[in-house]
Structure formats: structure tokens, C-alpha cells
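Structure first, commentary second.
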Amino acid sequence: MSTKTWIHCMGRHLEAKFWPNHMWIGPGGRLGQVPTALLIAHHEKADTLSFGTGASHRDGKKEAAWTRDFAATNLASLLTVGPFISIDLGPLGTLVATALLDEQSQNTEEEIVELGSKCLTNERPERVFLVTNPCHAPRVRRDLDVRWGQDVRLAELRRRTYVVSSEVPFDGVTAKDTAIFEPPHRGDDESPPYYKLVARILGIPKPNRHPFASELGSLLDKFGS
């Protein structure tokens, strides 16, 4: 008996640099988010595919619809991509054509909340794969654990939900460039709560961000970083 599986491809802003690389095929044939999602869907015999979000739009289409249509239009091109050469794309084409769209969410947290709501009211999957890029994956897992962890109805599904990275990071950076500040937890670590200070940076008004970064760089130099 197969396990009911849902694959969700996280949204990527349509104005992102080199969007086709992120979402389709990157340099050297590396798999972007959509092919990664489709490959998982094939191997895991997925029942449901979905795309996010509503955070950007182009030609009258919101991000989720644009991504789905891009996938449908370019699906045949995967026949020349290594992992797909021997795969029958017919079932994947059907999955793309019938994909669910989240055109309401405006950010990662909202997207995860909306997905949780759909999992409870629509397909009732037994496991979920969220596909994003390597730089974004830690944020996705964190927001998933926070928001689904607050809903007892999603407790069991959260244990069977996996965050999968594509092979294409944001332009000009790697997964290593995503900084992670854990709360101090080792008995021999007396570090101050840097994670609280870092979180405050996100609240700095846009006009002040570059001056702040300049002063912060000078401060780090002063203290030997």
C-alpha cells in the first residue's frame, strides 16, 4: 500500500536574479527547485504537487501560476537532463497540470501556514516534501517547526515532513553563506545571546540598513572579528 505523498515547491520571487536557474536548470545541468520537486514526485510516487506563492506576478499571473505554467511549457526539455533521461514524463505532466496553487501567501512563514491548512482540509497526506534552494532550506525548516509545532493537528505530519534542497543556491553565494545563530546550549559555552541581537537586525528600516552595516563592520573590526 503506497503512502500518500505531497510535494510542495516553495515560491521564488519572479524578480529574483537568474530565476530560470533557480527554478529550472542551473549551470552544469544542476537541478533547480521544480525539477528537484518533480524528481522526488517520480521516485516517491507522489499524489499531489503544489506551487507557491502570491508574492510576485508577471503578465497578469501570480508567482505560483507562472511557475506551474513554466514547468508545463518546459517539461519536455528534461528529457535531456541526466536523472530524467529514462523517466516517462507523462505522469509528471499530469501532476503539473493538476497542481494546487497557493496564490495568497506573501512570505515563507505564510506559505508554510497555508500549506498546513491545505493538508488538513484537502488531500490529508501522510508525508510532505518541501522543496526549496540550499540557502533557504534552514529558514523553511525553522518556520515549519515553529508554525506546525503550534498546531496539535499537524504534530504527526510534522514528523513526516522533509525539507529538500535543490542544487542551485541564490546567485553568487552558496549554502555556506546562510548564517545560523543557535541559542547557546553547551555547558562550556558562555556566549551572550547573539541570536536575539541578529533577529533585531531584520527590523531595521530600509533607509538605515546600509549605514548600519557600515558601522557594524567597523565594530566587528574593533573587537577582532
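Each row is one residue, and each column tells you yes or no for (1) under 27 Å from Thr36 (Cβ atoms); (2) in a helix (DSSP H, G or I); (3) polar (S, T, N, Q).
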position: Val131; (1), (2), (3): yes, no, no
position: Pro138; (1), (2), (3): yes, yes, no
position: Arg142; (1), (2), (3): yes, yes, no
position: Pro169; (1), (2), (3): yes, no, no
position: Arg186; (1), (2), (3): no, no, no
position: Arg200; (1), (2), (3): no, yes, no
position: His210; (1), (2), (3): no, yes, no
position: Ser214; (1), (2), (3): no, yes, yes
> Which one of these does Ala72 not meet: (1) farther than 16 Å from Trp24 by Cα; (2) in a helix (DSSP H, G or I)?
Replying inline: (1)
> Does region 210-220 contain any residue that is under 22 Å from the mean Cα position of the chain (by Cα), more than 30 Å from His42 (Cβ to Cβ) and not hydroxyl-bearing (Ser, Thr, Tyr)?
Replying inline: no
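Would you check if Ala46 is under 19 Å from Gly32 (Cα atoms), assigned to a loop (DSSP other than H, G, I, E, B), of a type in the set (Gly, Ala, Ser) and under 20 Å from the mean Cα position of the chain (by Cα)? Reasoning before the result, please.
On the way: under 19 Å from Gly32 (Cα atoms): yes; assigned to a loop (DSSP other than H, G, I, E, B): yes; of a type in the set (Gly, Ala, Ser): yes; under 20 Å from the mean Cα position of the chain (by Cα): yes.
Considered against the rule, which asks whether it is under 19 Å from Gly32 (Cα atoms), assigned to a loop (DSSP other than H, G, I, E, B), of a type in the set (Gly, Ala, Ser) and under 20 Å from the mean Cα position of the chain (by Cα), Ala46 comes out as yes.
Does Trp19 count as free of Cβ contacts under 8 Å to residues at least 12 places away in the same chain, closer than 22 Å to Val140 by Cα and under 16 Å from the mean Cα position of the chain (by Cα)? Show your work before the answer.
Details: free of Cβ contacts under 8 Å to residues at least 12 places away in the same chain: yes; closer than 22 Å to Val140 by Cα: yes; under 16 Å from the mean Cα position of the chain (by Cα): yes.
So Trp19 fits the description; yes.
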>> With the requirement that a residue be without any contact (Cβ under 8 Å) to a residue 60 or more places away in the chain and under 17 Å from the mean Cα position of the chain (by Cα), what does region 166-185 give you?
In response: Pro169, Val173, Thr174, Ala175, Lys176, Asp177, Thr178, Ala179, Ile180
> Name the residues in region 196-218 that are more than 20 Å from Thr178 (Cα to Cα) and either in the same structural domain as Asp143 (by TED's automatic domain parsing) or of a type in the set (Gly, Ala, Ser) (or both), would you?
Replying inline: Ser218
>> Show the residue pairs meeting these rules: Cβ distance below 6 Å; 6+ apart or different chains; first residue within region 55-80 and closer than 16 Å to Glu15 by Cβ; second residue at pLDDT 95 or above and assigned to a helix (DSSP H, G or I).
In response: Ala55/Glu63; Ser56/Glu63; Arg58/Trp66
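Quick check, is Ala55 at pLDDT 95 or above, surrounded by fewer than 18 Cβ atoms within 10 Å (Cβ to Cβ), in the same structural domain as His136 (by TED's automatic domain parsing) and among the small types (Gly, Ala, Ser)? Before you say what the answer is, go through the steps one by one.
On the way: at pLDDT 95 or above: yes; surrounded by fewer than 18 Cβ atoms within 10 Å (Cβ to Cβ): no; in the same structural domain as His136 (by TED's automatic domain parsing): yes; among the small types (Gly, Ala, Ser): yes.
It is false that Ala55 is at pLDDT 95 or above, surrounded by fewer than 18 Cβ atoms within 10 Å (Cβ to Cβ), in the same structural domain as His136 (by TED's automatic domain parsing) and among the small types (Gly, Ala, Ser).
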>> Checking Asp88 against (1) in contact (Cβ under 8 Å) with a residue 12 or more places away in the chain; (2) more than 30 Å from Arg147 (Cα to Cα); (3) not in a helix (DSSP H, G or I), only one condition comes out false. Which one?
In response: (1)
> Hey, among the residues in region 186-213 that are loosely packed, with under 10 Cβ neighbours inside 10 Å and small (Gly, Ala, Ser), which one's farthest from Arg142 (Cα to Cα)?
Replying inline: Gly187
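The values are calculated or read from the model by the stated rules, or taken from the named source; none is laboratory data. From a predicted model like this one, the values you see are computed outputs, not experimental measurements. Note: ideal-geometry Cβ built from the backbone for every residue, glycine included; neighbour counts use all protein chains shown.
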